[in-house]
Amino acid sequence: MFQAVLGAYGLNAEQFTIEPFGSGLINHTWKVYNEEIAYILQEVNTEVFREPQNIAQNIETIKKYLDQTAPKYLFVAPIAASNGDDFVVLDGHFYRIFPFVENSCSIDFVHHPEQAYHAAKQFGKFTRMLCAFNVNKLKPTIEDFHNLPLRVEQFKKALEQATDVRISEAKFAIEEIIRHYDIEEQYLHMVDSGALNLRVVHHDTKISNVLLQVETGLGLCVIDLDTVMPGYFISDVGDMMRTYLSEANEEEKDFNKIAIREDVFAAIHKGYMEEMDQVLGFAEKQFFIYAGKFMIYMQAVRFIADFLNGDIYYKTAYPEHNLIRGLNQIDLLNKYIGKEAKFEEIIKKINEDRLSDSKTILN
């Protein structure tokens, strides 16, 4: 396979070392390198991305725009094959190659607030640079990816069809999801009122999707652009909240380890708003804290719905895996909600400091 794919790019597989790379769960990724040059080879998961050409078209459209409006921005786009194609298709599998960015690295976990700050700043910068871009030029790469009303409806259907055993096992989780239906109601009100503007957003803002400088830890750019499509800023901010705030991830069984790091929340707000403060409307800014509830709740809903459906979507390692994941996210959600007043104080302090700094510069 490697020889055929690399050969389509004019490369000889025998001249490279090829090894698995990264921690992504969707696409298969390898680093292809020798002493002179390095590439990232990736096979696109067509079970998730059913129309890979939509990905290629979106990336190419954005690249052309940024080449004209922000030519110095590091936008890591795939390299065209020798025949000019976006992908190399082999036995129904879609492959592509990216340049490897030297002196860069990615991390899988937020160890300290500075990492959250640089990541949030890069995701904010990406959306800011595309604020004048015609979002209607982009195609959905995963339909209804962050459609909360759809996820709640799927949960309700799963509840109607679930076995009595699964309903009994998930009793507390079901009650908690129903108790928080107001999160969906608020989302519907936000969208219907026009409070949220449709923007170009990444949709998958885990920390591993940001390249950092090896020596300094400074942010370089965002990567893994397959989910870039029209959406609302709460998707990006909310996913950072969901995946950065707690040291324990969604696989943790000991919920005592789930805790909200306030300094990481402050770092996310500071980094993101340094780029997006002049872009977001006044109404949008009021939903910054809501963004975390939106994404955490949606993931809890999806895990519990899948458990009720008999574990047909997410891969599981043991019988109650999706139930534990869902309960994990419910615990994170409740702890997040418990911090809302503190979050308001943090944002107020950041805004006051920013205003004070601005006055100092003017004086």
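The values are calculated or read from the model by the stated rules, or taken from the named source; none is laboratory data. Bear in mind that the values here come from a model prediction, so they are computed numbers and not experimental data. Virtual Cβ from ideal backbone geometry, glycine too; neighbours counted across all protein chains shown. Accessible surface areas use protein heavy atoms only, side chains included; no ligands, DNA or RNA. Shrake-Rupley method; radii C 1.70, N 1.55, O 1.52, S 1.80 Å.
Data overview
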{"item": "Charge dipole (the chain, unit charges on Cβ, about Cα centre) - positive-most of N134, N309, Q299", "result": "N134"}
{"item": "Charge dipole magnitude, Cβ of K and R +1, D and E -1 - the chain, Cα centre, debye nearest 20", "result": "800 debye"}
{"item": "Cross-link partners of K156 among lysines (Cα-Cα below 29 Å; sequence separation of 8 or more within a chain)", "result": "K139, K171, K206, K253, K293, K315, K335, K339"}
{"item": "Residue order for S168, S106, S246 - accessible surface, 1.4 angstrom probe, largest first", "result": "S168, S106, S246"}
{"item": "Expected 222 nm ellipticity per residue - DSSP helices of 4 or more, -39500 (n - 2.57), all of the chain, to 500", "result": "-15500 deg cm²/dmol"}
{"item": "The range 268-336: C-alpha gyration tensor shape, a/c 1.5 cut-off, then a/b vs b/c", "result": "prolate"}
{"item": "With DNA, RNA and ligands ignored, accessible area of H203 (1.4 Å probe; Å², nearest 10)", "result": "10 Å²"}
{"item": "Charge-dipole axis of the range 213-284 as Lys and Arg at +1 and Asp and Glu at -1 on Cβ define it, positive-most pick from P230, A248, V279", "result": "A248"}
{"item": "Solvent-accessible ranking of F145, F233, largest area first, probe 1.4 Å", "result": "F145, F233"}
{"item": "Accessible area, probe 1.4 Å, largest first, for residues F172, F49, F21", "result": "F172, F21, F49"}
{"item": "Residue-span extension gain [Q213 to S356] - 0.36 nm each, minus C-alpha spacing", "result": "48.4 nm"}
{"item": "Enclosed volume per residue, in Å³, of the convex hull spanned by Cα atoms of the chain", "result": "160 Å³"}
{"item": "Percentage relative contact order, the range 232-334, counting C-alpha pairs under 8 Å, at least six apart", "result": "38 percent"}
{"item": "Trypsin sites (Lys or Arg not before Pro) restricted to the range 1-93 and DSSP loop, no more than 14 other C-beta within 10 Å", "result": "R50, K72"}
{"item": "Inter-part distance where the range 317-342 and the range 171-241 are each reduced to a Cα centre, Å", "result": "17 Å"}
{"item": "Test item: Cα-centred dipole of the range 106-226, Lys/Arg +1 and Asp/Glu -1 on Cβ, debye", "result": "480 debye"}
{"item": "Filtered GluC sites (Glu not before Pro), the range 229-291: DSSP coil and at most 11 other beta carbons within 10 Å", "result": "E251"}
{"item": "Relative contact order (percent, whole number), the chain, Cα cutoff 8 Å, 6+ residue spacing", "result": "19 percent"}
{"item": "Theoretical FRET efficiency, 1/(1+(r/R0)^6), r = Cβ-Cβ of F2 and Q161, R0 45 Å, to 0.05", "result": "0.55"}
{"item": "Segment E19-H111, length gained on full extension (0.36 nm per residue, minus Cα span)", "result": "30.5 nm"}
{"item": "Those GluC sites (Glu not before Pro) in the range 91-171 that DSSP places in a loop and that have at most 12 other beta carbons within 10 Å", "result": "E102, E143"}
{"item": "Length added when fully stretched, V135-E320, from 0.36 nm per residue minus Cα-Cα", "result": "62.6 nm"}
{"item": "Descending Cα extents along the principal axes, the range 40-155, whole Å", "result": "44, 44, 32"}
